[in-house]
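Enquirer: For reference, the structure I am asking about is given below.
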Amino acid sequence: MKAQELIMVIRSFLKDDNIEGHIFSDGFLLDYLSRAQNTLISQFKENIQTLKIRIKENEPITLPSRIAYIFHIALNGVEIKHASPIHAFKSPTPCFYHLSRRQYAITKGASGELEICASFFAPPLETKEDKVTLDALYTHAVILEAFCDILLIENTSFNPQRRAYYCQAREEEKARLRGIHNTSNAKGVIESKSQM
């Protein structure tokens, strides 16, 4: 699904669908949609990918995107821990830790093949033609997440009631998604896009 479809729905919620001039720019809405999508990726551990990378001793590891949640990390076939930088350097064994943005590292001067199975944050949506990372199951939740955040900046007397209504709808949508996840996890059928 393209970002343009989500923008059209948010504009209708915002009553910002005047063709002659919009109150909110596309870039503004794309930014809120990107944040909403990454919030849901983090909460539902979506966008799961497995990467295998050759790493060299004492060199930073640059990944295609930041990690939202780690399922498994192995160095040369041996599982290693993920820790904060402070705890990573105190560990007697090699540890994976975050440096900055998309850069990570491993303590103890380790090298070899690194395998990471993780939930990765989506890249920012930059144009209306960009594809949304989450599948259609999450469309309504992404829209409501972004819309509730946008309502925080609007300042009208009707806004608190309006925001409360949409925040309740957002929480109901997330509860629905949790139910789907719990049912799927019980059956062992959840697959990521990279596995399909």
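Enquirer: When the accessible area of the chain is computed with all protein chains present and a 1.4 Å probe, what percentage of it is carbon and sulfur? Walk me through the numbers on the way to the answer.
Expert: Values: 5880 of 11320 Å².
Here carbon and sulfur together make up 52 percent of the probe-accessible area.
Enquirer: Evaluate Rg over Rh across the stretch 1-109, taking Cα atoms for both radii and Kirkwood's formula for Rh.
Expert: 1.17
Enquirer: Would you mind checking the stretch 51-70 for residues with the amide N under 15 Å from a putative spin-label position 7 Å along Cα→C-beta of Glu113?
Expert: Within reach of a label on Glu113: 51-56.
Enquirer: Considering only Ile86, Ile61, Ile180, give the residue with the highest GNM mean-square fluctuation for the chain, with springs between Cα atoms whenever their separation is below 10 Å.
Expert: Ile86
Enquirer: Under a GNM of the chain (C-alpha, springs under 10 Å), which listed residue has the highest mean-square fluctuation: Lys128, Lys15, Lys81?
Expert: Between Lys128, Lys15, Lys81, it is Lys15 that shows the largest mean-square fluctuation.
Enquirer: Give me the net charge of Lys56's neighbourhood, meaning all other residues with Cβ under 14 Å from the Cβ of Lys56; Lys, Arg count +1, Asp, Glu -1. Could you put the intermediate results ahead of the total?
Expert: On the way: positive: Arg54, Lys108; negative: Glu57, Glu59, Glu113.
Taking every Cβ under 14 Å from that of Lys56, the sum is -1.
Enquirer: Give a residue-ordered list of calculated ³J(HN,Hα) values for the stretch 68-73 (Karplus: 6.51 cos²θ - 1.76 cosθ + 1.60, θ = phi - 60°; whole Hz; x for Gly, Pro).
Expert: 8, 7, 9, 8, 7, 9
Enquirer: What's the magnitude of the charge dipole for the stretch 1-50 around its Cα centre, counting Lys and Arg as +1 and Asp and Glu as -1 at the beta-carbon? Answer in Debye, nearest 20. Walk me through the intermediate numbers first.
Expert: On the way: 5 positive and 7 negative charges, 46 e Å.
With only Lys, Arg, Asp and Glu charged at Cβ, the dipole is about 220 debye.
Enquirer: Within the set of other residues whose C-beta is less than 11 Å from the C-beta of Arg178, count the net charge using Lys and Arg as +1 and Asp and Glu as -1.
Expert: Working: positive: Lys174, Arg176; negative: Glu171, Glu172, Glu173.
For residues surrounding Arg178, the net value is -1.
Enquirer: Let me ask you something else. In Å², and per residue, what accessible area does the stretch 60-150 have when probed at 1.4 Å with the other protein chains present? Could you put the intermediate results ahead of the total?
Expert: Details: 4540 Å² over 91 residues.
Here the residues of the stretch 60-150 average 50 Å² of exposed surface.
Enquirer: Kirkwood-based Rg over Rh for the chain (C-alpha set), two decimals? Walk me through the numbers before you get to the answer.
Expert: Numbers: Rg = 20.0 Å, Rh = 18.9 Å.
Rg/Rh: 1.06.
Enquirer: Something else about it: What does the extension gain come out to for Gln168 and Ser42, with contour length at 0.36 nm per residue minus their alpha carbon separation?
Expert: Values: separation 126, 0.36 × 126 = 45.36 nm, distance 1.99 nm.
Additional length available on full extension: 43.4 nm.
Enquirer: Also, I was wondering about something else. Roughly speaking, what is the centre-to-centre gap between the stretch 4-24 and the stretch 56-84 when only Cα atoms are used, to the nearest Å?
Expert: Using only Cα atoms to place each centre, the spacing works out to 41 Å.
Enquirer: May I ask for the net charge around Phe121, where only other residues with Cβ less than 12 Å from the Cβ of Phe121 are counted and Lys, Arg are +1 while Asp, Glu are -1? Write out the running numbers ahead of the final one.
Expert: Working: positive: Arg35, Lys45, Arg66, Arg101, Arg102; negative: Glu46.
Summing Lys and Arg as +1 and Asp and Glu as -1 gives +4.
Enquirer: Shape call for the stretch 50-100 from the C-alpha gyration tensor, a ≥ b ≥ c root eigenvalues: rounded (a/c under 1.5), prolate (a/b greater than b/c) or oblate?
Expert: Working: a/c = 1.31, a/b = 1.19, b/c = 1.10.
Here the stretch 50-100 falls in the rounded category.
Enquirer: I would also like to ask the following. Amide H to amide H, which residues 5 or more places from Arg66 or on other chains are under 5 Å from it, using H placed in the peptide plane?
Expert: Under 5 Å from the amide H of Arg66: Phe121.
Enquirer: Explain nothing, just the number: dipole magnitude of the stretch 1-132 about its Cα centre with +1 on each Lys and Arg Cβ and -1 on each Asp and Glu Cβ, in debye rounded to the nearest 20. Intermediate results must be reported in sequence, preceding the final value.
Expert: Details: 16 positive and 15 negative charges, 118 e Å.
For the stretch 1-132, the charge dipole is close to 560 debye.
Enquirer: Any aspartates and glutamates with Cα under 14 Å of the Lys52 Cα? List them, leaving off those in the same chain fewer than 8 positions away.
Expert: Leaving aside aspartates and glutamates fewer than 8 places away in the same chain, those within reach of Lys52 are Glu79, Glu113, Glu115.
The values are calculated or read from the model by the stated rules, or taken from the named source; none is laboratory data. Please read these numbers as outputs of a predicted model, since none were measured by experiment. Reconstructed Cβ throughout: ideal geometry from the backbone, glycine too, with neighbour counts over all protein chains shown. For accessibility, only protein heavy atoms count, side chains too; no ligands or nucleic acids. Shrake-Rupley method; radii C 1.70, N 1.55, O 1.52, S 1.80 Å.
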